[in-house]
Structure formats: structure tokens, C-alpha cells
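The values are calculated or read from the model by the stated rules, or taken from the named source; none is laboratory data. Just so it is clear, the model here is predicted, and its values are computed rather than measured. Cβ placement follows ideal geometry from the backbone for every residue including glycine, while neighbour counts extend to all protein chains displayed. These accessible areas exclude ligands, DNA and RNA; they are computed on the full protein's heavy atoms, side chains included. Shrake-Rupley method; radii C 1.70, N 1.55, O 1.52, S 1.80 Å.
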Amino acid sequence: MSALDITHKTLTDFIYAEARLLDEQRFEDWLNLFTEDGHYWMPLAHGQTDPRLHTSLMYEDKLLLRVRVERLAGQRTFSQQPKSRCHHLLQAPTVESPAPDGEHVVRTAFHYVETRQDQQTLFAGWTTHHVVEDAGALKIRLKRVDLVNCDAAFGNIQLFM
Amino acid sequence: MERYTGNPDAVRALVRDLEVHKDTYIDEEVFALEMEHLFANTWVYVGHASQVPNKGDFYTTTVGTEPVVMVRHTDDSIRVLYNRCPHKGVKVAGETCGNTGKFFRCPYHAWTFKTDGSLLAVPLKKGYENTGFESCEAKHGMAPVQNVKVYRDFVFCRLNPNGISFEDYFGESLSTIDNMVDRSPEGRLEVAGGVLRYMHNCNWKMLVDNQTDTCHPMVAHESSAGTAVKVWQEAPEGTPKPMAVELFAPFVSSYEFFENMGIRVWDNGHGHTGVADSIHAAYSPAPGYWEQMVAAYGEERAKHILGDTRHNTVYFPNIMVKGPIQTLRLFKPIAANKTLVESWTFRLVGAPDLLLERTLMYNRLINAPTSVVGHDDLEMYERAQEALQSRGRDWINVARLFDPAEKEQKNVATNGTNEWQMRNQFRAWAKFMTESM
């Protein structure tokens, strides 16, 4: 028996709220949106299916996400002196499929800007969230970020899309 | 004003025993001379034979800033051609990789070339009759790089037709490639897992210097590897150590660890860290791998191969190889202040997948544009590239543990925090920059 009334609207609101946490640099709160076995995956190849035997830009479990979040707040994190900022522009998310295993799959096209000092870099792509109910709240089991130019040569990408 | 062109003494004067002039990193004329001389006189890595397994397979890349195409010729040999149509100068092979069949066809006017570069056919050939075309450069097709060497499937070339032989150039340093290949129970590697491409707004030599700079990890990587260790220490007791922590943690080892790890210096700018120990020495074993290695090589030889856990081997001028973690990083110069870093990974053919998985995780955690370790390093390079413009100081210091007697020595192992390898690189730099001036 589900404690939550999960509708199209609660799912899409969740996606918007998640992006807002990142734009507001509330990284600890953002981290809490992930399940304990959650992953943040940014493939390196177009249409990549395997995060293990093919390299990715990121394939972070919660421990690695925590390392990133704590590092961003560190006193000796010189690549964040001064700090980066980011901005998400989301297209209306679509709920992709009914979820037999309790996962709700939501796909969202985005433009993402990351800035630091005088430099502003634009990225574009699609996120696919696998959202589950966990202890009475919506949580992310998998956030997959497919950049339209995933195989391009990039400079630093320091925050989260 | 040209200060260095045609002036080998001025180029040599950029390198002193204990310091290196800032112009080696920021001056565009010096960069142009590097492309003309240094990257032509040295043996430069092109690619790996497993990228072109079949006849007609090609892979496009650059040597210095020269576009080249590596191709498997009809006789099964690997050829390297300048990727430029002799007609109007168009880049002939456009894709990064593919199969061209028995010939290349220029997309502009359909001139065709055999995979050794020779001119095969020109449309409307009659228009060239009695024109003297026979005496033109174009008659000879796409220019082949004459000096190509495939060593255990690693393809190198020397653009200058004359110069040092492959064997004399690399000498004992090839032992690192040998060790990486020998780690496959079948003695064979394959490029695998995709390549990470990371753009750096700095000079290519900053990356080369960094490979054997053992006094920076505990400082610059405190933010990344240090945080990983801290987060791990907060995990509940009894939690199995994650692979990622095993890969990160050694970066913040003590100075003493890096001193004892050792460094070995070879002729012509090559050298490696991790003689007695290394940050790759304490990884968990992969189940079944040891038995495979013993079956392939016998126990004693297997122990010898796996016991050699070298850290970073610099093959001068612009690659670094990690045998124990099957990685090759290529520092591609684009401009005095711009470098494309490509991090390649290899599968040990016949070995358990777990080893490839670890290699790919290492590459992702350390060498990706999304890597926190990469962010630490690039921040330092880009700050240096900016601040080297300063007129307040003109030299970069490489004096650590200098001994005047070192210049006469070769194949020597020493204290792991010695900057000897950086000095070694710059001595080779001055030599190969001026050899053809």
C-alpha cells in the first residue's frame, strides 16, 4: 500500500524541485534526494548501456556523491575559489512509462549553464530520473544525464546537471 | 620579433641546470618551434594496433599539430599518412575511425589514394596530360610518414625522415610497455572502454611535468582524495572498502611514501615514478587472475610481472603510461596555452573483467573532465599559465635534489621526490628542439 499519492504532477514537481536545489547550491539537501543505493550517471558514449565496462563521465554512488558535496564545501578546494554557479532550464518533464517495479521513469530535456569567474559554459541534454517511493517520500534511484555532445572534449564540469 | 627561430643558442639558454625559462610554456614562437622541431625529431605516439584490426581500418589523430591518419594497409602493415589531399589540401579521412576499404577517396574532387598514400586515380585524367603534372608534388599522393614503428602494438612515428632510431630513442624505457602487455595472460592488449577527452587551457608540458611531480598529491589533492578518505572513515565499521576508496586513498599518502617509492630516469627524457612501491601497489587481487598468469608464464615470471607496480612512466615528449592500471594519457599540444588531454584505457586480453572495470573506474575518477582530482590539477595548471606572464619572475624551479653528477648517469633509480625527471625532460627538450635547427 503506497503511502504517497504519486501522480504525474507530483513527479514533475519533484524534478523541478530537484533542479532548484542544485541552482540554489543546497547540495546536502540534494544528496538526501537519493536512495542509499542511488546513482548519478553521466555516460560518455551516445546510447551507452553499460556503466561498468565502458567509461562514463560520472557514475557516482552515494559515497562518491558525498565526496563531491563535501569537497565543494572544503577550505582547500582551490578549483572552487572562487566558486562555480549553475542554472538549469528544464523542458516540461514527461513521465515515460508505468512502473512495474515501483520505479517512475521521468525524462526531461534541459539546457544547463555552469559559470565560474568570467567563463560561462552551456550544456544541453536529457535527464532520465528513476524515482521511487522510499520511507514516505520520493527519492532518486538513478539520475541519468545524457549530454547531446557527451563525447566532446570538455573543460572542467564541477557541479551537477 | 623572432628571438628563437634559427637561434639554437637562445633555445638552449631557456634550460638551466636548476631552472627553466617561462618562455618554454607561454611563448608562441617557442611553441611553433616545438611543432617544427621537437615533435618531428622525437618518436611520438600515434595509436594502438587494436584500433585498426582489419585491412582498410583507419584512425585519425594528430602528431604535434599535424593531422595524420593511421591505417591498416592491404599488406596488413600499419601505415601513417599525413591526412591531407595533395590536390587542394582537404583532410581526406574525416571520421575519427572507420574502414575505408582498399583506398581513400577525397570528398572534394574524388581523387583516390591507396592506403599507402600513393595516388590511385584522378577523375577526368585527360586534363592533366601534357601539363607537366608528372613533376608535381601531387603526383605522389598523400604523403606517408616514413618512419613508423609498431612496438608490441603501440604505434609510434618520427616525422623527420632523419634522426635517432626508435631503439636508441626509447632504450630501457620500453620495459614499462612490456610490463603492461605482459600483464595479459595472452600477452596482448586491446583499446577498450572509450577515451576521455579533457581540454586544458595550459601548455602541454605542465601535464608532462605533473606526471612525476610527487610533492603535489598530498597538497593539491587534499580536497578530493583527502575528502574521499574522510568520508570513508565515517562509514559504519565492517563496511567493505569500496574500489573507489582503494583508488583514491593513495593520492594522499605521506611525503615519506613518495620519497620511498622512488624514481628512475632514462635517456632522452623518459623516466618513471614507482620503483620500489607505488600508489598502484596495494589493490585487491582479482579472483582467478593470478592462476591465469601462473598458467601462462609460470609462477616466478608471473610474480616478477605483477610485482612491478610502476606508477607513471613518461615517454617523452607527450605520453604517460601506467602499466598496473593499463592507462595511456596523451597530451596533445594545440597552442602554447591549450592542450587536449586524451586518457586511453586497455583491456588485458584474457584477464578477468574486474581488471578492466577497475581501470575504467580509475580513469573516470582521476582523468575525466568531471573528475575531482582532475579539477584540482587543472586549477593549478591554469593558474600557472596565467601567472607565468608575470614580469616579476622569469624562471620555473626544478632544483629539488639536484646533483651535478646526474648528467653523466642513466638508468638510475633515486629518491621519489627528486625533480631529476623534470630536468631530464628539459635536457631532452633542448636536445631535440635544436637538433634540426
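Only one residue in B:230, B:241 is of a type outside the set (Gly, Ala, Ser) and over 27 Å from residue B:348 (Cα atoms). Which one?
Only one candidate passes the filter, namely B:230.
Give me the pairs, please: first residue somewhere in the range A:30-54 and among the β-branched types (Val, Ile, Thr), second residue anywhere and open to solvent by 50 Å² or more (accessible area, probe 1.4 Å), beta-carbon distance under 7 Å, and either six or more positions apart or on two chains.
Every condition considered, the pairs that remain are A:35/A:134; A:35/A:141.
Condition first: modelled with pLDDT of 95 or more and within 19 Å of the chain's Cα centre (by Cα). Can you find one or more residues in the range B:93-107 that meet it?
For the range B:93-107, residues modelled with pLDDT of 95 or more and within 19 Å of the chain's Cα centre (by Cα): present.
Inside the range A:93-121, can you point out the residues that are among the aliphatic types (A, V, I, L, M) and within 16 Å of the chain's Cα centre (by Cα)?
Those that are among the aliphatic types (A, V, I, L, M) and within 16 Å of the chain's Cα centre (by Cα): A:105, A:106, A:109, A:113.
State all residues of the range A:60-81 that are facing chain B (nearest Cβ under 7 Å) and under 18 Å from the mean Cα position of the chain (by Cα); if no residue qualifies, say none.
Those that are facing chain B (nearest Cβ under 7 Å) and under 18 Å from the mean Cα position of the chain (by Cα): A:63, A:64, A:66, A:67, A:68, A:70, A:71.
So if I check each of B:385, B:326, which one is surrounded by 17 or more Cβ atoms within 10 Å (Cβ to Cβ) and on the phi > 0 side of the Ramachandran plot?
B:326
Could you check, for the range A:28-51, whether at least one of its residues is at the interface with chain B (Cβ under 8 Å from one of its Cβ atoms) and open to solvent by 40 Å² or more (accessible area, probe 1.4 Å)?
For the range A:28-51, residues at the interface with chain B (Cβ under 8 Å from one of its Cβ atoms) and open to solvent by 40 Å² or more (accessible area, probe 1.4 Å): absent.
Just for strands (runs of 3 or more DSSP E) wholly inside the range B:149-226: which have at least 3 residues that are in contact (Cβ under 8 Å) with a residue 12 or more places away in the chain, among the hydrophobic types (A, V, I, L, M, F, W, C) and buried (at least 17 other Cβ atoms within 10 Å of the Cβ)?
Per the criteria, B:154-158.
Which of (1) touching a residue at least 40 places away in the same chain (Cβ under 8 Å); (2) part of a strand (DSSP E or B); (3) more than 22 Å from residue B:36 (Cβ to Cβ); (4) open to solvent by less than 20 Å² (accessible area, probe 1.4 Å) does residue B:113 not meet, given it meets every other one?
All conditions are met except number (1).
Here are some conditions: (1) within 14 Å of another protein chain (Cβ to nearest Cβ); (2) within 16 Å of the chain's Cα centre (by Cα). Residue B:220 meets all but one. Which one does it not meet?
Going through (1) within 14 Å of another protein chain (Cβ to nearest Cβ); (2) within 16 Å of the chain's Cα centre (by Cα) one by one, residue B:220 breaks only (2).
Has the range B:63-76 got at least one residue that is in contact (Cβ under 8 Å) with a residue 60 or more places away in the chain and either assigned to a helix (DSSP H, G or I) or basic (Lys, Arg) (or both)?
Scanning the range B:63-76, I find no residue that is in contact (Cβ under 8 Å) with a residue 60 or more places away in the chain and either assigned to a helix (DSSP H, G or I) or basic (Lys, Arg) (or both), so the answer is no.
For (1) at pLDDT below 95; (2) out of contact with any Pro (no Cβ under 6 Å at 6 or more places or on another chain), each residue gets a yes or a no:
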site: B:277; (1), (2): yes, yes
site: B:282; (1), (2): yes, yes
site: B:288; (1), (2): no, no
site: B:306; (1), (2): no, yes
site: B:318; (1), (2): no, yes
site: B:336; (1), (2): no, yes
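Yes/no per residue for (1) exposed (fewer than 14 other Cβ atoms within 10 Å of the Cβ); (2) within 21 Å of residue A:49 (Cβ to Cβ):
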| site | (1), (2) |
| --- | --- |
| A:103 | no, yes |
| A:106 | no, yes |
| A:109 | no, yes |
| A:113 | no, no |
| A:139 | no, no |
| A:142 | no, yes |
| A:148 | yes, yes |
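Mind listing just one residue for me: the one in the range B:40-63 that is more than 15 Å from residue B:155 (Cα to Cα) and within 20 Å of the chain's Cα centre (by Cα) and, of those, surrounded by the fewest Cβ atoms within 10 Å (Cβ to Cβ)?
Of everything passing the filter in the range B:40-63, B:40 is surrounded by the fewest Cβ atoms within 10 Å (Cβ to Cβ).
Of all helices (runs of 4 or more DSSP H) completely enclosed by the range B:339-437, which ones contain at least 2 residues that are away from chain A (no Cβ under 11 Å)?
The qualifying helices (runs of 4 or more DSSP H) are B:372-387, B:420-434.
Can you name the residue in the range B:8-26 that is over 16 Å from residue B:388 (Cβ atoms), free of Cβ contacts under 8 Å to residues at least 60 places away in the same chain and out of contact with any His (no Cβ under 9 Å at 6 or more places or on another chain) and is also least open to solvent (accessible area, probe 1.4 Å) among such residues?
B:10
Quick check: is even one residue across the range A:102-117 within 14 Å of chain B (Cβ to nearest Cβ) and without any contact (Cβ under 8 Å) to a residue 40 or more places away in the chain? Show your work before the answer.
Taking the range A:102-117 and keeping what is within 14 Å of chain B (Cβ to nearest Cβ), we get A:112, A:114, A:116-117.
Right, trim to without any contact (Cβ under 8 Å) to a residue 40 or more places away in the chain and you get A:117.
Checked against the condition, which is being within 14 Å of chain B (Cβ to nearest Cβ) and without any contact (Cβ under 8 Å) to a residue 40 or more places away in the chain, the range A:102-117 yields at least one hit.
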